[in-house]
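**Q** First the structure, which I've put down as structure tokens, then a few questions once you've had a look.
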Amino acid sequence: MKQLIKNDSIFKEAAFIWLRGLENTVNAYVDFHESIVKKPGASYALYITADSNYALYVNGEYCDGGQYADYPDSYKVYDVLDITDFLRVGENEILVTGYCQNEDSSTYRVGTPGVMYVFTENGQAILYSGTHTKVNLNPYYVSGPVSKVSGQLSFSFEYSFTGHPVSAGEAVVTRSFDVLHERPIRKLVRGERCKAVPVVFGSFRDGIREGTPGDRMQKAYLGYSERLRYGECAADEGVLLRKEEGSDGVYVVYDIGREEAGLVSLDLTLPCDAEFLLGWGEHLEDMRIRTTIGGRCFAARFDGKGGRIRFVHPFKRSGCRYLALHIYAPEVQIRYAGIEPTDYPTTADVSFRCADQLHNMIYETGKRTLLMCMHEHYEDCPWREQALYTMDSRNQMLCGYYAFREFAFPKSAIRLMALSIRDDNLLELCSPARVSITIPSFSAVFAVQLWEYLLYSGDRAFAAEMAPTAERICREFMRRTEENGLVKRLNDWQYWNFYEWQEGLSGSIGHKDEDDHTYYDLPLCAFVSMAYQSLAKIYGVLGDAEKEAEFLEAAGKMNRAAHEEFYAGVEMGYYFTNILDKPSSRKHFHLSQLANALAVCSGICPDCEVDAVLHNLVHHPALLPVTLSHSIFFYDALMKRPETYGRYVFADAAKCYGHMLRNGATTFWETIRGGDDFSYAGSLCHGWSAVPIYLYFRYAAGMVPTAPGEMSVNPMDEKLTGIYELTIE
């Protein structure tokens, strides 16, 4: 990882600046103006860092942007952009617009508003940010509180093409830096505009006049005029839509054809100044886009200007398949309404083929799901949250090692997670962020991710750098271990005892257990055991035999205690999920596939009991089914006996993922219920659901890491998977 000592680098003369008077404003947009005279044959670059984002415009055209998600005080990252081809010979007007969210969310940790940059010519600084820089409030975006997309993503936006009067402001230095870090991963690639098809239009009448843009769109009365699938927006003239008499305006819905993630892009012509609303989403089951769900607002508001107007929103990505416009004008000509994708350029794109076309489709859709959830870091979903979680990203990393041969990306995500370590020695819920709650089991998964990264990449130096964080987490769980050898559920309000989205396993947020009740959860004990085992393996590779033995012993003690306490007995052959321990009684309760799968994967289940537990995993009707997010443990457990359960595993994957494909999925869903889950806020693109990729390579192809950076290839007998058999129905 390259880092710069600020005062000995290209940034030596530059200052981190903002507009005076706007230092405490949330959702603020500030413009910084420069001018560059391009010389023939010269090369030009921009070195820049911002809190929380930036966009570069040259001669009025958007060129690039996208601040890496970093930590304002401990890990400030800068970009280097080659801007030579954006400039024309002679004078060029340069605009750097800084955006600062300035409010904690699941994707951003509050820092200090500001932008710092240096423009170079042939490697030499020619312009730099400072108190001399021309600065003003951006006249088009609304700065200050506006509607929020979600608690995780924070603010949406409002934009006026007519602009608001602003005066020149004063640039003020808001902070200094001693060290800056080079972007650890490649920049996103801004692609060509996605093909967007207008599928239906009509006139609308307002249901409400007040409220968020999402509320207004959701509650509008929509009339039907025409299906428009035959009219594509690829043509320069686009589509001309007119409202009916007595209505408030015209609406249109666009279909991009598949899940996309990127920058909202518009090109339309209005006959007069007019307000319009833009909404985006993944669902059309309601015969409209879900622009408001549970207080979220998947919409933005514009003050339009008569004539042709073009727009790209570079400060936050939108994940969606559909867009809708509600336009308060007698007519509108729309040339484009859609997304400019911003995809991560992966190291490789690995193919997989077998005789079963369904499994081939599952693999390709899984890759697409992974890609849509990879931007500045792994994301749980591109639509609703765009947040980095340890558990989610563990699935994404494992699948990405095979599908993309990608190591820089998981390495950078692991670093972000490590930097979020809290005073209680657990990780923040999301990274980089500041959230009031955290999930204890997710912190335990960090050590598992680190071991798997070391195993697949062979990067011993990074593992050594991160091991102290993993050890700090593990020692916190050791400190919390009871005399009976178990880790009890963390019961304070800031701990969310979540394992998966299933009854009895999803926990509750902001709830403190009664003081005289002690709960023990097998999933937590299993994840902690896996963390101990992973850390022991890391120290084994790093040559620390003493710590290796210590954490192996801790895992063994945890496993023996958990087996004794949670196992229902040889006659039953399964594990309980929970124990309620209180002065008057002790009660075992809840049966789940997840708990039993974790008992096998963690080693809690001794070898002599594995066959009975696996049989119950498949056949016991009282075990609550595992969900998509944790199916990897279910499959890993069953593949302990591939000769017995191999065909079942691949058939089960075909059943679950085939169901999504048959129901129109272009990426895999958060849960098998799709958009109907979570009070109709279920995500239709979730990175943790790409698990079949792992099955195809780890088991069918037999690609197994045997030592750090070393891989053996020993394909399974084709009869054990069934996916290489050609069937004709």
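The values are calculated or read from the model by the stated rules, or taken from the named source; none is laboratory data. Source: prediction; values computed, not measured. Positions of Cβ are generated from backbone atoms using ideal geometry, with glycine treated the same way; all protein chains shown enter the neighbour counts. Note: areas computed on protein heavy atoms with side chains; ligands, DNA, RNA excluded. Shrake-Rupley method; radii C 1.70, N 1.55, O 1.52, S 1.80 Å.
**Q** Order THR49, THR269, most accessible first, counting only protein heavy atoms with a 1.4 angstrom probe.
**A** THR269, THR49
**Q** Can you pull the accessible area of ASP178 for me, 1.4 Å probe, Å² to the nearest 10?
**A** 120
**Q** What's the angle, to the nearest 10 degrees (0 to 90), between helix 390-403's Cα axis and the longest principal axis of the chain?
**A** 90
**Q** Using +1 on the beta carbon of Lys and Arg, -1 on that of Asp and Glu, and nothing else charged, what's the dipole of the chain about the Cα centre, debye to 20? Don't skip to the end; give the middle numbers.
**A** Working: 71 positive and 96 negative charges, 159 e Å.
Dipole magnitude for the chain comes out near 760 debye.
**Q** Can you compute the FRET efficiency between VAL350 and ASN59 using 1/(1 + (r/R0)^6), with r the Cβ-Cβ distance and R0 = 45 Å? Round to the nearest 0.05.
**A** 0.65
**Q** For the chain, with the dipole built from +1 on Lys and Arg beta-carbon atoms and -1 on Asp and Glu ones, taken about the Cα centre, which of TRP669, LEU524, ALA171 lies farthest toward the positive end?
**A** The Cα lying farthest towards the positive end belongs to ALA171.
**Q** Sticking with this structure for a sec: Relative to the longest principal axis of the chain, what angle (0 to 90°, nearest 10) does the C-alpha long axis of helix 642-662 take?
**A** 30
**Q** Could you sort ARG88, ARG472 by accessible area so the largest value comes first, with the probe set to 1.4 Å?
**A** Details: ARG88 135, ARG472 95 Å².
So the residues, ranked largest to smallest area, are ARG88, ARG472.
**Q** How much of the DSSP beta bridge set in the chain is antiparallel, as a percent to the nearest 5?
**A** Working: 126 of 133 bridges.
Among the beta bridges of the chain, antiparallel pairing accounts for roughly 95 percent.
**Q** Now a separate question. With r as the distance between the Cβ atoms of PHE589 and ASP85 and R0 = 56 Å, compute the FRET efficiency 1/(1 + (r/R0)^6) and round to 0.05.
**A** Details: r = 65 Å, r/R0 = 1.15.
Using R0 = 56 Å, I get an efficiency of 0.30.
**Q** Using 7 Å Cα-to-Cβ label points, what is the ASP424/ARG242 separation (nm, one decimal)?
**A** 6.4
**Q** Which stretch or stretches of segment 455-493 have amide N atoms under 12 Å from the point lying 7 Å from MET711's Cα along the Cα→Cβ direction?
**A** Inside the label zone: 456-458.
**Q** Taking the chain as the reference, fit the longest principal axis to its C-alpha atoms, fit the long axis of helix 545-566 to the helix C-alpha atoms, and give the angle between the two in degrees, 0 to 90, nearest 10.
**A** Helix 545-566 sits at roughly 70 degrees to that axis.
**Q** To continue, here is another question. Go through GLY90, PRO705, SER43 and say which Cα lies farthest out towards the positive end of the charge dipole of the chain; charges sit on Cβ, +1 for Lys and Arg, -1 for Asp and Glu.
**A** Highest projection toward the positive end goes to GLY90.
**Q** Continuing with this model, one more query. Leaving out ligands, DNA and RNA but keeping every protein chain, what accessible area does ARG434 have, in Å² rounded to the nearest 10, with a 1.4 Å probe?
**A** Approximately 100 Å² for this residue.
**Q** With a cut-off of 8 Å between alpha carbons and a minimum separation of six or more residues, what is the relative contact order of segment 399-475 in percent? Don't skip to the end; give the middle numbers.
**A** Working: 61 pairs, mean separation 20.7, N = 77.
It rounds to 27 percent for segment 399-475.
**Q** May I ask you to derive the FRET efficiency for ARG460 and TYR724 from their Cβ-Cβ distance with R0 = 51 Å, giving the value to the nearest 0.05? Kindly include the intermediate steps, with their values, before the conclusion.
**A** Numbers: r = 37 Å, r/R0 = 0.72.
Once the sixth-power term is evaluated, E becomes 0.90.
**Q** Between VAL610 and ASP273, 0.36 nm times their residue separation minus their Cα-Cα distance comes to what? Can you show the working numbers first?
**A** Details: separation 337, 0.36 × 337 = 121.32 nm, distance 7.05 nm.
Stretched fully, the VAL610-ASP273 segment lengthens by 114.3 nm.
**Q** Would you calculate the separation in nanometres between label points at LYS582 and ARG20, each defined as 7 Å from the Cα along the Cα-to-beta-carbon direction?
**A** The two pseudo-label positions are separated by 6.3 nm.
**Q** So, in nm, how far is label GLN3 from label LEU661 when the simple model puts each one 7 Å beyond its Cα toward the Cβ?
**A** 4.7
**Q** Any aspartates and glutamates with Cα under 18 Å of the LYS655 Cα? List them, leaving off those in the same chain fewer than 8 positions away.
**A** ASP356, GLU364, ASP636, GLU670, GLU725, GLU729
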